[in-house]
Amino acid sequence: MSKATHWADTYAEKIIREKGDKELYVCASGITPSGTVHIGNFREIITVELVVRALRDRGKQVRFVYSWDDYDVFRKVPANMPQQDTLADYLRQPITLTPDPFGTEESYARRNEKEVEDLLPLVGVEPEYIYQAGRYRSSTYAADIRKALEHRERIREILDEHRTAALPTDWWPISVFCTACNRDTTEVKEWDGKDGISYTCSSCGNEERLDLSSTPAVKLFWRIDWPMRWAYEGVDFEPAGKDHHSEGGSFDTGRRIVKEIYDHQVPTTFPYDFVRIKGRGGKISSSSGEVVSLKDVLEIYQPELVRYIFASTRPNTEFAISFDLDVIKLYEDYDRCERIYFGGESVNENRAAKERRIYELSQVDKVRATMPTQVPFRHLCSLIQIQDGNADGVIEFLELNTDEEDLKKIRTRARCAWNWTRQYAPDSFRFALRPRGSTPIELTEGQRGAIGLLRREIEQNLDSHDEKSLSGAIYTLAGEAGMEPKEFFKLVYRVLIEKEMGPRLAGFLLTIGKGRALELLGGY
Ligand SMILES: [Zn+2]
């Protein structure tokens, strides 16, 4: 089987081709933790991770670095954060010096970072984190900053080629955080050609001379900072959002700056597209209030499904993550992919090879030796509601003869089904069995008779029915009771779940089980 059919394999081979056969490849990704990291940002992380895996599958050593650009400026208070007024006081200061509005982490940046760092291992993503505030504040990049100052004119020319208005003559490739008020509202006055930089601050009037080799206050602008770090880490591969990849965008200028100023080759790259959200409403941008994060997605998709969604879509295509009925379809697609992998369903060899590779890349850990027990998501939606959200109750009901690893995954899936039915499923999916000991609902004599017929059928024949035969029997019973089937169904749903609609009745009754069904239909 050729591994080159999957996009992650294609890119892994491209990296090897472009960078040569190396001991170690450096793959990079990064973001500014200026708000909740949303699922669109996650696309970059997972895209790199899939390529990293493809490289490792070829026996290559890979360093996967994830850069938190936490020495960036706090520009806007996101609408989904508490303490809006307090946060507003920190605008123009580094996000690493902005307090956590929830009061539990050491900074605003750290809160957003931690949220992601805690979740990524769940989906099998474990990069090496680099904290840029720490790097800058300990003057790690002093020599690289000085190099940018030395090549200030050349950098300006490169940037100006892509600007409509030229940069001012007194432009510098750096920004300075005022050491008195922490804001970047400063103006560089002079550079002595070595390590001496002086500035004035328009917020507090501070004037000062800094020593580049030891100051924590100087930082390169993004368009220089990015290529500088490609060189510093020896990055071989880094994709970027399509906005960065536009003509004259930061990748374009970075490409020239890394070669001309920092003497390093351009990383292999490609643009990845945006992720939309379907069936939930709202935008996913971190600057608007409505933010869909990895955490939100993991509430309805088990980790393998999250990987599957991204692994089965080419990174340069825009797509939507669904919270609506398509959730069921995605779970079904994944289960089919799993059956194809284990030979439980046959398709043509081309498709099978493709599905097998997607399945491998979707696993958080190694692929298991035998096929995991499959419990369809749709079925779990009913089971978990019958068990009132208790995943262990579902496991008990299913009487599965399988190992703990399997059970753990089924439990997770059951919890996802519960969250989905509670928050996003159409109303017709949502139900709660009438609680034990509640007063029977009021019925007419004729209705009581109809329920009696169903009760008798269940008592005598449920054990021998499958969904199809029970369904046939229910139609016959409706006729015997002198009711239209539709009317009969409504009546039964009212008695079972106090609603006029519910899951397909025959399957539902089988799922509820004889004992509980008789309890619910009793007393009429
Ligand atoms: Zn100041």
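The values are calculated or read from the model by the stated rules, or taken from the named source; none is laboratory data. From a predicted model like this one, the values you see are computed outputs, not experimental measurements. Here the Cβ positions follow ideal geometry from the backbone for every residue, glycine too, while neighbour counts run over all protein chains shown. Surface accessibility is based on the protein's heavy atoms, side chains included, excluding ligands, DNA and RNA. Shrake-Rupley method; radii C 1.70, N 1.55, O 1.52, S 1.80 Å.
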Q | Measure of compaction for the stretch 1-133 (Cα Rg per 2.2 N^0.38 Å) | A | 1.26
Q. Which lysines, on any chain, are close to LYS194 with Cα under 26 Å apart, when same-chain ones fewer than 8 places away are left out?
A. LYS147, LYS219, LYS259
**Q.** Label point 7 Å beyond Cα of TYR475 along Cβ direction - residues of the stretch 490-505 with amide nitrogen under 19 Å
**A.** 490-493, 502-505
Q) What angle, in degrees between 0 and 90 and rounded to the nearest 10, separates the Cα long axis of helix 222-233 from the longest principal axis of the Cα atoms of the chain? A) 90
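At 222 nm, what value in deg cm²/dmol follows for the chain if DSSP H runs of at least 4 each add -39500 (n - 2.57) and the sum is divided by all its residues, to the nearest 500? Let's see the in-between values first.
Numbers: 21 runs with 240 residues, N = 524.
It comes out at -14000 deg cm²/dmol, rounded to the nearest 500.
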Q.
On a straight-distance basis, which lysines could pair with LYS514 in a cross-link, Cα separation under 21 angstrom, same-chain partners fewer than 8 positions away excluded?
A. LYS468, LYS490, LYS499
**Q.** Backbone HN-Hα couplings from phi across the stretch 94-110 [Karplus 6.51/-1.76/1.60, Hz, Gly and Pro as x]
**A.** x, 5, 6, 9, 8, x, 6, x, 8, x, 10, 9, 6, 7, 4, 4, 4
Q | Charge sum, other residues only, whose C-beta stays under 11 Å from CYS381's C-beta, Lys/Arg counted +1 and Asp/Glu -1 | A | +4
Q.
Less than 22 Å apart at the alpha-carbon level, and either on another chain or at least 8 residues along: which lysines does that give for LYS278?
A. LYS242, LYS295, LYS329
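Would you mind getting me the FRET efficiency between SER438 and ALA166? Use the beta-carbon distance for r and R0 = 60 Å, nearest 0.05. Working shown, then result.
Details: r = 77 Å, r/R0 = 1.28.
Efficiency computed from Cβ-Cβ geometry: 0.20.
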Q: Report the local net charge at ARG430: Lys and Arg +1, Asp and Glu -1, summed over other residues whose C-beta lies under 14 Å from its C-beta.
A: -2
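Tell me which GluC sites (Glu not before Pro) from the stretch 159-193 have a DSSP coil assignment and no more than 16 other beta carbons within 10 Å of their own.
On the way: sites: GLU161, GLU187, GLU190; in loops: GLU161.
For GluC sites (Glu not before Pro) across the stretch 159-193 that sit outside H, G, I, E and B with at most 16 neighbouring Cβ atoms in 10 Å, the list reads GLU161.
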**Q.** Principal axis dimensions, the stretch 100-248 - Cα atoms, whole angstrom, descending
**A.** 49, 39, 27
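The stretch 232-336: which GluC sites (Glu not before Pro) are DSSP loop and have at most 13 other beta-carbon atoms within 10 angstrom?
Those that pass, being in a loop and sparsely packed, are GLU247, GLU318.
Using a ≥ b ≥ c from the Cα gyration tensor of the stretch 212-363 (square roots of the eigenvalues), is it rounded, prolate or oblate, where a/c under 1.5 gives rounded and otherwise the larger of a/b and b/c decides, a/b for prolate? Let's see the in-between values first.
Working: a/c = 2.79, a/b = 1.77, b/c = 1.57.
Note, shape of the stretch 212-363 comes out prolate.
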Q: For TYR25, list long-range residues whose amide hydrogen, built 1.01 Å from N in the peptide plane, is under 5 Å from its own amide hydrogen.
A: GLN61, VAL62, ARG63
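Just to confirm a number: summing +1 for Lys and Arg and -1 for Asp and Glu over residues other than SER213 whose beta-carbon lies under 10 angstrom from that of SER213, what do you get?
On the way: positive: ARG146, LYS194; negative: ASP195, ASP211.
So the environment of SER213 carries a net charge of 0.
Nearest 5 is fine: what % of DSSP beta bridges in the chain come out antiparallel, could you say?
Working: 15 of 35 bridges.
Antiparallel bridges make up about 45 percent of those DSSP assigns within the chain.
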Q: Give the residues of the stretch 148-184 whose amide nitrogen is closer than 20 Å to a point set 7 Å from the Cα of THR86 in the direction of its Cβ.
A: 182-183
Q: Determine the per residue accessible area of the chain with all protein chains present and a 1.4 angstrom probe, expressed in square angstrom.
A: 45
Q: Pop out the ³J(HN,Hα) list for the stretch 200-214 in order, Karplus 6.51 cos²θ - 1.76 cosθ + 1.60 with θ = phi - 60°, rounded to Hz; leave Gly and Pro as x.
A: 10, 10, 7, 7, 10, x, 4, 10, 7, 10, 10, 9, 3, 6, 9
Q: Let me see the pair-distance distribution of the stretch 349-495: every alpha carbon pair, 10 Å bin width, integer percents in order.
A: 9, 26, 31, 20, 10, 4, 0
Q: Could you pull out every residue, at least 5 positions away or on a different chain, whose amide H is within less than 5 Å of the one on GLY241? Hs are placed 1.01 Å off N in the peptide plane, and Pro or chain starts have none.
A: TYR272
Q) What are the residues whose amide H is under 5 Å from the amide H of GLY30, where those residues sit 5 or more places off or on another chain and H is modelled from the backbone? A) SER67
Q. How large is the Kirkwood hydrodynamic radius of the stretch 427-524, in angstrom, based on all distinct alpha carbon pairs?
A. 13.3
**Q.** Per-residue ³J(HN,Hα) for the stretch 327-332, Karplus 6.51 cos²θ - 1.76 cosθ + 1.60, θ = phi - 60°, Hz, x for Gly and Pro
**A.** 3, 4, 4, 4, 4, 5
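For a quick check of your reading of the filter: which GluC sites (Glu not before Pro) in the stretch 454-524 sit in a DSSP loop and have no more than 15 other Cβ atoms within 10 Å?
Details: sites: GLU457, GLU459, GLU467, GLU480, GLU487, GLU498, GLU500, GLU519; in loops: GLU498, GLU500.
Answer in residue order: GLU498, GLU500.
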**Q.** Sequence-separation-based contact order of the chain, relative, with Cα cut under 8 Å and 6+ spacing, percent
**A.** 12
Q | Average projected area [Cα convex hull, the chain], square nanometres | A | 30.4
Q: State the percentage of accessible surface on the stretch 111-172 attributable to carbon and sulfur atoms; use a 1.4 Å probe and exclude ligands, DNA and RNA.
A: 49
Q: Measure off 7 Å from each Cα along the Cα-to-Cβ vector at GLU500 and CYS181, then give the distance between these two points in nanometres to one decimal.
A: 6.5
